[in-house]
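Read the figures in this text as sums done on the coordinates, not as results from a lab. The structure presented is a predicted model; accordingly, all values stated were derived computationally and were not measured. So basically every Cβ, Gly included, is an ideal-geometry build from the backbone, and we count neighbours across all protein chains shown.
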Amino acid sequence: MSKQWQSAVAMFSLLVGLCVAGRLLPHWPNFTPVAAVALFAGYWYRRRAVALAVPLVALLLSDAIIGPYDVRTMIVVYAALALGVYLRPLLAGRRLILRAAGCSVLCSLAFFLATNGAVWMFGSMYPHTAGGLAACYLAGLPFFKYTLYGNAVWTGVLFGTYAFAKQADECHCLEVPTCRDREAVLR
């Protein structure tokens, strides 16, 4: 197995594990790493199918434990959380952290609009009228702030760690000395 393949598998496992843990451990409503992980996976992996598999596998694994809900709503939730994979072109260029922050807000807004629309459309909590739709979005606003906060924090952690590791690698700050290097220092 090549080093590149091992790195890709390790990153896949790490990102899926982070999402599953983030959904299963106690947290504020909607304060999970899934959207940020989808955004990062879209940036990290060249193949879109692999990047898309990261949040979808994580959601399937964690929902197997949490339990299912309305399938139509689940499809909308999965699609909204996976949106970040498709934002890779917006992350190209300089100022990656700022671009990632903007994409994080976009992911939060898309999730809010899509999932609350799905709750209204497929559920029975709100009348299927313009007033019912407005009431549904209004009721979702308290959760929106947690989505924004969660996506901002997790996007910052993922892209910030990546930027730090990349910079440290470029200046060789994270190099572990080999046995020969240590012997040379001891002489």
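Structure notes:
- Extension gain, Arg94 to Asp70: 0.36 nm times the residue separation minus the Cα-Cα distance gives 4.5 nm.
- A helix-only calculation puts the chain at -26000 deg cm²/dmol for mean residue ellipticity at 222 nm, using -39500 (n - 2.57) for each DSSP H run of at least four residues, averaged over all residues.
- Here the chain is treated with +1 on each Lys and Arg Cβ and -1 on each Asp and Glu Cβ, and its dipole about the Cα centre works out to around 440 debye.
- The separation of the range 45-68 from the range 1-29, counted between C-alpha centres, amounts to 10 Å.
- Computed from backbone phi with θ = phi - 60° and the Karplus coefficients 6.51, -1.76 and 1.60, the 3J(HN,Hα) list for the range 109-125 is 5, 4, 4, 4, 5, 5, 6, 5, x, 5, 4, 5, 5, 9, x, 10, 6 Hz; x is used for glycine and proline.
- The range 1-76: C-alpha pair distances exceeding 22 Å, %: 25 percent
- Residue-by-residue Karplus 3J(HN,Hα) for the range 138-153, coefficients 6.51, -1.76, 1.60, Hz, glycine and proline x: 5, 5, x, 4, x, 7, 4, 5, 5, 4, 4, 4, x, 5, 5, 5
- In order along the range 128-135, the Karplus-derived 3J(HN,Hα) couplings, from 6.51 cos²θ - 1.76 cosθ + 1.60 at θ = phi - 60°, round to 7, 9, 4, x, x, 5, 4, 5 Hz, and Gly and Pro are given as x.
- Applying 1/(1 + (r/R0)^6) with R0 = 41 Å to the Cβ-Cβ distance of Ala163 and Thr129 gives a FRET efficiency near 0.30.
- Computed lengthening from Ala139 to Arg46, 0.36 nm per intervening residue step minus Cα-Cα distance: 29.6 nm
- In degrees, nearest ten, helix 34-44 long axis to first principal axis of the chain (Cα): 40 degrees
- For the chain, Kirkwood radius (reciprocal of mean inverse C-alpha pair distance, Å): 18.1 Å
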